[in-house]
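These notes concern the structure reproduced below.
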Amino acid sequence: MHTSVHLLASAPDQLLPARELMAFTLASHIILVPLGVALPLITLVMHYRGLRHKDATALLLARRWSAVMAVQFAVGVVTGTVLSFEFGLLWPGLMGRWGDVFGIGFGVEAWAFFLEAVLIAIYLYGWRRLKPRTHFLLGLPLPVAALLGAFGILAANSWMNTPQGFSLDSAGNPTDVNIWKAIFTPMFGPQYWHFVVAMLLTAGYMVAGVYAVGRLRGRRDRYHRLGFTVPFTVAAIATPVQFVLGDAIARSVFHKQPVKFAAMEIVWKTDTRVPEYLFGRLHSDGSISGGIKVPLLDSLLAGFSPDTKVVGLTSVPPDERPTAVQATIAHWAFDIMVLIGSALVLLALWYGLVWLRHRRLPESTWFYRGAACAGVASVVAVECGWIATEVGRQPWIVYQNMRVAEAVTATRSSTLWIMLGLVIVVYVFIFGSLLAVLLKLRTRWRLADAQQAAGRPAEKPETDSPYGPRAAVSAGDGAAGGATRSQGDRP
């Protein structure tokens, strides 16, 4: 019988459904994270452009994006709260033993969440009610709050990958906790900046993709050009930066978590002159089937020399490393992420070269088809990045300190499977409602644009809501405020 089968048979019955439940809720939440982290910054960039150039179209886009930002945040609150509860419900061994060490990250994230909620409310309320400059300045802390939330989550996750900042007593419990060391672990910097830039380019491509689809459908007005150009430019600038950061974090994993690196690259035995496999499947006897083998490349990428020694999976006992199936999953996730990243770099270079040579947007239909797909591809890359990070760390929930099987709940597996089914149903309803709201907003905005084009006044958004004051900003607020009112009053 294969080693992986032995390990699976010895695992608690609760382990598989607990993992599936956590994986589903996390994968669902990640879809919303890029907009939560980076959309405030992209919106403020558009807002700044509108104020600086007295551009009513830019202000209209910023206002509409802020509405999407608020809807997304509301749904993200629900999915994020579910994840918070799952840490305690599904992994009581983790939280019970290690919560005092890495729990500060969740505390930081909670404070950032409340701060972001207040700031979004102020920013939404401020349209046409505050002076333009005051309104913009009150929105500036929004990206900071979003980055602070990411700081807390990534601090906790990086600690799980490279735990430090504690001592163990005779019973194996952590003591003498050093908060600063627990937060700023060896993997924190590489993980944090890789994550932040990933959120920025993903959000940029997601927003730009909406307007790319509009262009493909014949909408080539200034509204769609500007709606595409600003977020796509942000994403295009971030893409090559992310490629460099991705290489840096892979090299950090090579040095700090060599067994995880071996899983991501399906390296079986420690050796030099190790080839790189593009995709392929690792078997439990160490053989690899399928994929494309590139001689020496893995050693070259890891240490810039074919003589670089790469640690293999067999450097540790079978119960301290991912199984062949888990290693293959991590490897495929990593390769898909790199493949998508490479394609996005080419798309960004295409955009940049056309802009530098002609000072205009590309005209090719194929470019806009690629741009329309870039948002979805970026989300897939983010999902794959988390899969590689979490699956590659197996069997450890706290690297080399606690196995996942030791942390799992004692709740019956049948109950956990029922919970998974219920969560799937609820999440289908939640994301369906989110899609319905966004489509409703799109319909209202298109109707407002049609009314404006026909010379008829569009309704103010307060007319279909019983909440909020009705008074508009006085004309004394300046030209920028007038520009906001001229088109910003459209729903």
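The values are calculated or read from the model by the stated rules, or taken from the named source; none is laboratory data. In this text the structure is predicted, and so the values were computed from the model without any measurement. Neighbour counts are summed over all protein chains in view; Cβ atoms, including those assigned to glycine, are modelled from backbone coordinates with ideal geometry. To get the accessible areas, we keep the full protein, side chains included, count just its heavy atoms, and leave off ligands, DNA and RNA. Shrake-Rupley method; radii C 1.70, N 1.55, O 1.52, S 1.80 Å.
Taking the options Leu346, Leu301, name whichever one is open to solvent by 60 Å² or more (accessible area, probe 1.4 Å), among the hydrophobic types (A, V, I, L, M, F, W, C) and under 18 Å from Phe254 (Cα atoms).
Being open to solvent by 60 Å² or more (accessible area, probe 1.4 Å), among the hydrophobic types (A, V, I, L, M, F, W, C) and under 18 Å from Phe254 (Cα atoms) holds for just one of Leu346, Leu301, which is Leu301.
So if I check each of Met199, Met206, which one is open to solvent by 30 Å² or more (accessible area, probe 1.4 Å), under 23 Å from Ile153 (Cβ atoms) and part of a helix (DSSP H, G or I)?
Answer to the check: Met206.
Within the range 304-327, can you find the residues that are open to solvent by less than 50 Å² (accessible area, probe 1.4 Å) and part of a loop (DSSP other than H, G, I, E, B)?
Correct list: Ser305, Pro306, Thr308, Val311, Gly312, Val316, Arg321, Pro322, Thr323.
Out of the residues in the range 243-278 that are of a type in the set (Asp, Glu) and surrounded by fewer than 23 Cβ atoms within 10 Å (Cβ to Cβ), state the one that is farthest from Leu201 (Cα to Cα).
Asp271
Among (1) of a type outside the set (Lys, Arg); (2) at pLDDT below 90; (3) buried (at least 17 other Cβ atoms within 10 Å of the Cβ); (4) in a helix (DSSP H, G or I), there is one condition Val382 misses while meeting the rest; what is its number?
Evaluating Val382 over (1) of a type outside the set (Lys, Arg); (2) at pLDDT below 90; (3) buried (at least 17 other Cβ atoms within 10 Å of the Cβ); (4) in a helix (DSSP H, G or I) leaves (2) as the failure.
Could you tell me how many of the residues in the range 434-459 are modelled with pLDDT of 80 or more and either of a type in the set (Gly, Ala, Ser) or not in a helix (DSSP H, G or I) (or both)?
The number of residues fulfilling the criteria is 3.
Read through the list (1) open to solvent by less than 30 Å² (accessible area, probe 1.4 Å); (2) more than 30 Å from Thr233 (Cβ to Cβ), then give the number of the only condition that Ala388 fails.
For Ala388, the failing item is (2).
Mind counting the residues in the range 295-339 that are closer than 21 Å to Pro395 by Cβ and of a type outside the set (Val, Ile, Thr)?
Residues flagged as closer than 21 Å to Pro395 by Cβ and of a type outside the set (Val, Ile, Thr) within the range 295-339 amount to 17.
Name the residue, out of Gly139, Gly149, that is open to solvent by less than 30 Å² (accessible area, probe 1.4 Å) and at pLDDT below 90.
Checking each option against the conditions leaves just Gly149.
I'm trying to understand the selection: among the residues of the range 358-367, which are assigned to a helix (DSSP H, G or I) and either surrounded by 22 or more Cβ atoms within 10 Å (Cβ to Cβ) or free of Cβ contacts under 8 Å to residues at least 12 places away in the same chain (or both)?
Matches in the range 358-367: His358, Trp366.
Restricting attention to the range 51-94, and to residues there that are free of Cβ contacts under 8 Å to residues at least 40 places away in the same chain and out of contact with any Lys or Arg (no Cβ under 9 Å at 6 or more places or on another chain), which single residue is surrounded by the most Cβ atoms within 10 Å (Cβ to Cβ)?
Phe87
Quick one: in the range 211-224, of everything that is within 26 Å of the chain's Cα centre (by Cα) and under 19 Å from Trp350 (Cα atoms), which residue is least open to solvent (accessible area, probe 1.4 Å)?
Within the range 211-224, the match that is least open to solvent (accessible area, probe 1.4 Å) is Ala212.
How many residues are open to solvent by less than 20 Å² (accessible area, probe 1.4 Å) and over 15 Å from Thr202 (Cα atoms) when one looks only at the range 225-235?
Matching residues across the range 225-235 total 2.
Which residue pairs have Cβ atoms closer than 7 Å, lie 6 or more positions apart in sequence or on different chains, and pair a first residue in the range 343-357 that is among the aromatic types (Phe, Trp, Tyr) with a second residue that is assigned to a helix (DSSP H, G or I)?
Trp350/Phe367; Tyr351/Phe232; Tyr351/Ala236
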